[in-house]
1. Scan the stretch 180-188 and tell me whether some residue there is at pLDDT 85 or above, within 20 Å of the chain's Cα centre (by Cα) and either open to solvent by 20 Å² or more (accessible area, probe 1.4 Å) or within 18 Å of ILE227 (Cβ to Cβ) (or both).
2. On the basis of being crowded, with 19+ Cβ neighbours inside 10 Å, out of contact with any helix residue (DSSP H, G or I) (no Cβ under 7 Å at 6 or more places or on another chain) and within 23 Å of PRO367 (Cβ to Cβ), does GLU39 make the cut?
3. So if I check each of ASP87, ASP65, ASP83, which one is under 25 Å from TYR25 (Cα atoms), of a type outside the set (Lys, Arg) and free of Cβ contacts under 8 Å to residues at least 24 places away in the same chain?
4. Within the stretch 203-215, does at least one residue satisfy the condition of being modelled with pLDDT of 95 or more and of a type in the set (Ser, Thr, Tyr)?
5. Could you please give the count of residues in the stretch 189-220 that are open to solvent by 10 Å² or more (accessible area, probe 1.4 Å) and aliphatic (A, V, I, L, M)?
6. Since SER174 meets every condition but one in (1) at pLDDT 95 or above; (2) within 24 Å of ARG109 (Cβ to Cβ), which condition does it not meet?
7. Exactly one of these conditions fails for VAL63: (1) among the hydrophobic types (A, V, I, L, M, F, W, C); (2) open to solvent by less than 70 Å² (accessible area, probe 1.4 Å); (3) part of a helix (DSSP H, G or I); (4) farther than 23 Å from LEU40 by Cα. Give me its number.
8. For the stretch 234-246, give me each residue that is part of a loop (DSSP other than H, G, I, E, B) and open to solvent by 20 Å² or more (accessible area, probe 1.4 Å).
Amino acid sequence: MESSGELVPFPLLMTCNYRACTIPYRFPSNNPTKPTPTELSWIHVFMNSIPSFRKRAESDDTVPDALSRAEKFAHRYTEILEDLKKDPKSHGGPPDGILLCRLREQVLRELGFRDIFKKVKDEENAKAISLFEDVVHLNDAIEDEAKRMENLVKGIFAGNLFDLGSAQLAELFSRDGISFLASCQNLVPRPWVIDDLDTFITKWSRESWKKAVIFVDNSGADIILGILPFTRELLRHGTQVILAANDLPSINDVTYPELVEIISKLKDEQGKLVGVDTSNLLVANSGNDLPVIDLTGISQELAYLASDADLVILEGMVSLLLSMLCYYRFTWIKTEVVVLPQGRGIETNLYAQFRCDSLKIGMVKHPEVVDFLGGRLYDCVFNYNEVLE
């Protein structure tokens, strides 16, 4: 069921000066008639993704004349990006991650493409579902609680590699596929570029949160082998968990109806996830339709469910094209984040502040983000902020 009604701000967000954008695209001193170097850089990122999106669109057998319509998509979206390079105020600009994503989705939907990644999502969901119990048993076999939590977190990072919004990862996936277990073993070593894992585990060992809201990201290994085993561990500790998923399809992000179906397939006859009761697990429609999220506009249903949560988790490589509202943590030089095409955690909401504990988990998948954050390509971001009463 698609979300209906007016979107509202996320109730736990501290909205003062919030902007869903981690990277400052322009400063007040920039010429409004000329694109900034950062804007041009990200325009090129989206330009480079066009061939992979066109290929997916061409193979969409739910759309008549998909081949010719895919060509029109590539032509129209290229024209839009070229216009923005000439005049940053065109097409609702100046450009940022949210606008660039929205324009791409708008062109696809106008041409009849509703979900060009559906086939690959279905295939990867089926593969991941077949591995779910094995992954859970591997985690359960780790007796040391701190080490088990670290392994679960590494599983989230490994799963998030299934991100077809990244041109490099899309090419790698198309050519070689991505092995979840191999990805777990090959993560960049700690310390990560932002590494608050030890602090998080210390809090975890002291007390459990009453209710957690997790904004999820990709289909396949990301949600099934990364987020759901982590969610199961929260449930074991008595935490109520709300999984917030997209309203409409966008690249390979999991949608609300897809997530409901996935969880239904993973439950046993008693409604449990490998022995863990799921009565405290809820799935909510976030109201979002992009691979990034602006937390000033979510569904009323999610706002109601999340109002009394004491932990907010944003996941995405960071998934990160979210929205482009930057919370200016220090100055214009270093804005609070949500990094671009990685999603909900790094590119658009890394520095978003909440009225409760928060965790932003993601992977650095774009060289442009490496330049901004430092670290290494495919480095990990584990940013935990505790609100002291």
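1. Of the stretch 180-188, the ones at pLDDT 85 or above are 187-188.
So of that shortlist, the ones also within 20 Å of the chain's Cα centre (by Cα) come out as 187-188.
Narrowing the set further to residues that are either open to solvent by 20 Å² or more (accessible area, probe 1.4 Å) or within 18 Å of ILE227 (Cβ to Cβ) (or both) leaves 187-188.
For the stretch 180-188, residues at pLDDT 85 or above, within 20 Å of the chain's Cα centre (by Cα) and either open to solvent by 20 Å² or more (accessible area, probe 1.4 Å) or within 18 Å of ILE227 (Cβ to Cβ) (or both): present.
2. Details: crowded, with 19+ Cβ neighbours inside 10 Å: yes; out of contact with any helix residue (DSSP H, G or I) (no Cβ under 7 Å at 6 or more places or on another chain): yes; within 23 Å of PRO367 (Cβ to Cβ): yes.
Criteria met by GLU39.
3. On the way: ASP87 fails: free of Cβ contacts under 8 Å to residues at least 24 places away in the same chain; ASP65 fails: under 25 Å from TYR25 (Cα atoms).
Selected residue: ASP83, the only one of ASP87, ASP65, ASP83 that is under 25 Å from TYR25 (Cα atoms), of a type outside the set (Lys, Arg) and free of Cβ contacts under 8 Å to residues at least 24 places away in the same chain.
4. No; the residues of the stretch 203-215 include none that is modelled with pLDDT of 95 or more and of a type in the set (Ser, Thr, Tyr).
5. Within the stretch 189-220, residues that are open to solvent by 10 Å² or more (accessible area, probe 1.4 Å) and aliphatic (A, V, I, L, M) number 3.
6. Evaluating SER174 over (1) at pLDDT 95 or above; (2) within 24 Å of ARG109 (Cβ to Cβ) leaves (1) as the failure.
7. Condition (3) is where VAL63 drops out.
8. Let us first name the residues in the stretch 234-246 that are part of a loop (DSSP other than H, G, I, E, B), namely 237-239.
Hits for the stretch 234-246 are HIS237, GLY238.
The values are calculated or read from the model by the stated rules, or taken from the named source; none is laboratory data. In this text the structure is predicted, and so the values were computed from the model without any measurement. Note that we place each Cβ from the backbone using ideal geometry, even for glycine, and neighbour counts take in every protein chain shown. Heads up: the accessible areas ignore ligands, DNA and RNA and are worked out on the full protein's heavy atoms, side chains in. Shrake-Rupley method; radii C 1.70, N 1.55, O 1.52, S 1.80 Å.
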